[in-house]
1. Looking only at the stretch A:94-142, filter to residues that are free of Cβ contacts under 8 Å to residues at least 60 places away in the same chain, within 14 Å of chain B (Cβ to nearest Cβ) and not in a loop (DSSP other than H, G, I, E, B); which one of those is farthest from ligand 3 (Cβ to nearest atom)?
2. With respect to residue A:196, is the statement that it is in the same structural domain as residue A:252 (by TED's automatic domain parsing), farther than 30 Å from residue A:27 by Cβ and not in a strand (DSSP E or B) true?
3. Would you mind stating whether residue A:207 is among the hydroxyl-bearing types (Ser, Thr, Tyr) and either in the same structural domain as residue A:152 (by TED's automatic domain parsing) or closer than 15 Å to residue A:272 by Cβ (or both)?
4. Within the stretch A:65-78, can you find the residues that are free of Cβ contacts under 8 Å to residues at least 40 places away in the same chain and either within 19 Å of the chain's Cα centre (by Cα) or not assigned by TED's automatic domain parsing to the domain that holds residue A:105 (or both)?
5. When you check residue A:35 against the structure, is it at the interface with chain B (Cβ under 10 Å from one of its Cβ atoms), touching a Lys or Arg at 6+ places or on another chain (Cβ under 7 Å) and either more than 28 Å from residue B:43 (Cβ to Cβ) or of a type outside the set (Val, Ile, Thr) (or both), yes or no?
6. Specify which of the listed residues (A:1, A:42) is at pLDDT 95 or above, within 30 Å of residue B:111 (Cβ to Cβ), loosely packed, with under 15 Cβ neighbours inside 10 Å and within 8 Å of chain B (Cβ to nearest Cβ).
7. Identify the residue in the stretch A:204-263 that is in a strand (DSSP E or B) and over 23 Å from the mean Cα position of the chain (by Cα) and, among all such residues, is surrounded by the fewest Cβ atoms within 10 Å (Cβ to Cβ).
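The values are calculated or read from the model by the stated rules, or taken from the named source; none is laboratory data. Since the structure is predicted, the reported quantities are computational estimates derived from the model, not experimental observations. Virtual Cβ from ideal backbone geometry, glycine too; neighbours counted across all protein chains shown.
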Amino acid sequence: MKAPDFSYYEAETLSDAIKFKSQDDEAIILAGGQSLLPALNMRLSSPSCLIDISKLKDLNDIRLEDNSIYIGALATHTQVMESSIIIEKFPSLVSILKMVAHAAIRNKGTHGGSISYGDPAAELPAFAVAMNAEIIVSGLNGNRSIAAEDFYLGLFETDIKSDEILIGINYPLVKNNEKIVFEEICRRHGDYAMAGLIAKVKTYQSTIEKLKLVFFATGDRPNVTSKTSEIVVNNGYEYSVIKKSLSSEIDFAGDLNSSEEMKLHLATILISKILKKLEN
Amino acid sequence: MSAKKNITVSFELNGEKFDNVIVPARQHLADYLRGEGFTGTHLGCEQGACGACTIEMDGKAVRSCLVLASQVNGSLIKTVEGFDDDIMKIVKNNFLKHNAFQCGFCSPGMLMTTKEIVLKKKKLTREEIRSEISGNYCRCTGYQSIVDAIEESITEVI
Ligand SMILES: Cc1cc2nc3c(=O)[nH]c(=O)nc-3n(C[C@H](O)[C@H](O)[C@H](O)COP(=O)(O)OP(=O)(O)OC[C@H]3O[C@@H](n4cnc5c(N)ncnc54)[C@H](O)[C@@H]3O)c2cc1C
Ligand code: FES
Ligand code: FES
């Protein structure tokens with residue numbers, strides 16, 4: 001299908017974009033367009049105007065800071081995957097991004113776009129939550145930083161206010177005794193997952209000391225399951241016990257490819273896959 | 001600071017300069033290109049899934065159904081009609097040699113994606129090649145011949 005009628009505004013500065021957005025409730029930010037344009041072509045959205053921020057300068061840098069890595073909102077998935085800082089310090093993010101869409105889409109889709117869209121099936125929101133990332137937004141009253149876990153409020157719903165634009169994400173560095181492990185199940189490479197899991201694991205002499213589990217494509221937002229993590233750390237993996245615990249912790253939502261019951265099963269299996277990966 | 005329904009853009013398409021072209025804000029690039037006669041760019045899904053509309057913009061493969069014509073100001077655009085470089089010659093010859101098309105609907109997008117794969121000059125297993133082209137649907141060939149053509153193109157450029 002074809003997109004509905006809208007007008008187009010190419011922002012020259014961040015403050016222009018913020019001003020424009022604050023004055024028109026129905027105007028919407030256009031970054032890489034790789035989620036927004038499909039939604040427009042399918043007529044799932046009918047904004048008054050697209051505020052194109054894709055040509056703003058200085059919003060796509062990737063830098064190593066004292067204890068963190070900063071990724072600017074407009075860094076494309078390809079740029080992140082090819083960054084020497086990310087390859088060295090965050091190899092797990094490179095392997096996660098390999099599962100995000102296809103090369104031609106990663107060439108345009110942005111890190112900040114994926115984080116702001118808040119698609120519950122997307123990998124990056126879950127990664128940001130697993131990493132305890134800080135999300136930085138800029139608005140009429142200056143900048144504000146939000147913990148990733150508080151950023152996602154519901155289905156495609158985030159804490160970005162009507163005058164705000166996401167400008168970057170700050171990820172704490174992974175420590176020597178920490179590991180990021182990732183697994184997802186999907187029918188075709190590059191498709192959105194039927195269920196996925198990102199785990200941050202702290203080990204001590206090869207036993208798991210602390211475990212943070214964040215699921216995606218399971219509910220209406222990235223799902224953190226702290227009770228289940230505790231059970232795994234203390235008692236190990238037992239399919240029926242874990243399944244019961246997950247069903248009480250996640251409000252599963254089915255989609256076209258998989259029912260709630262199937263997602264619950266897949267989520268349970270994902271934990272065993274992650275544990276196997278850790279053993280190796 | 002004003003939003004417009006018709007946007008004026010200047011860009012280069014297949015080596016030719018297009019100056020001060022007026023495009024509707026809502027028009028995607030694939031529709032613009034096809035309207036100008038560059039009908040090698042095909043439209044299957046208009047949601048990024050099939051890959052038939054893949055073109056090159058500023059040196060990178062992109063989906064022309066997911067770029068607005070109003071966004072191309074200052075860009076270098078190449079469609080399947082505009083390639084005569086050595087890498088594309090190798091790729092095209094191998095597609096012919098292995099009969100890697102039947103109806104041809106997917107071919108422009110496949111060629112564009114293949115070019116980007118081949119440019120990396122990295123040996124890939126057949127399984128890896130399949131992952132790399134997972135964003136391009138072919139409803140005819142069953143992919144075997146396409147994988148053959150890509151495999152041989154990679155070997156030739158390394
Ligand atoms: C076929 C296909 C398969 C895909 N598969 C996957 C997948 O497996 N996993 C996955 O995670 N993603 C997938 N994607 C989506 C892709 O990763 C997108 O690039 C990403 O979700 C959105 O980034 P964008 O820059 O394109 O955002 P846009 O499409 O430009 O914007 C998306 C939304 O976020 C808002 N927005 C964007 N940037 C900002 C900002 N800086 N501040 C405030 N609001 C902003 C926009 O207003 C819009 O509502 C797929 C896309 C396609 C077309
Ligand atoms: S038409 Fe653009 S990807 Fe299918
Ligand atoms: S040759 Fe017909 S779709 Fe590929």
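1. A:97
2. Answer is no for this residue.
3. So residue A:207 fails the test.
4. Result: A:75, A:77, A:78.
5. The answer is no for residue A:35.
6. So the residue among A:1, A:42 that is at pLDDT 95 or above, within 30 Å of residue B:111 (Cβ to Cβ), loosely packed, with under 15 Cβ neighbours inside 10 Å and within 8 Å of chain B (Cβ to nearest Cβ) is A:42.
7. Only one residue fits best here, namely A:207.
To keep it simple, each residue is scored yes or no on (1) under 16 Å from residue A:3 (Cβ atoms); (2) assigned to a helix (DSSP H, G or I); (3) touching a residue at least 12 places away in the same chain (Cβ under 8 Å); (4) at the interface with another protein chain (Cβ under 8 Å from one of its Cβ atoms).
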| site | (1), (2), (3), (4) |
| --- | --- |
| B:31 | yes, yes, yes, yes |
| B:34 | yes, yes, no, no |
| B:41 | no, no, yes, no |
| B:48 | yes, no, yes, yes |
| B:51 | no, no, yes, yes |
| B:61 | no, no, yes, yes |
| B:74 | no, no, yes, no |
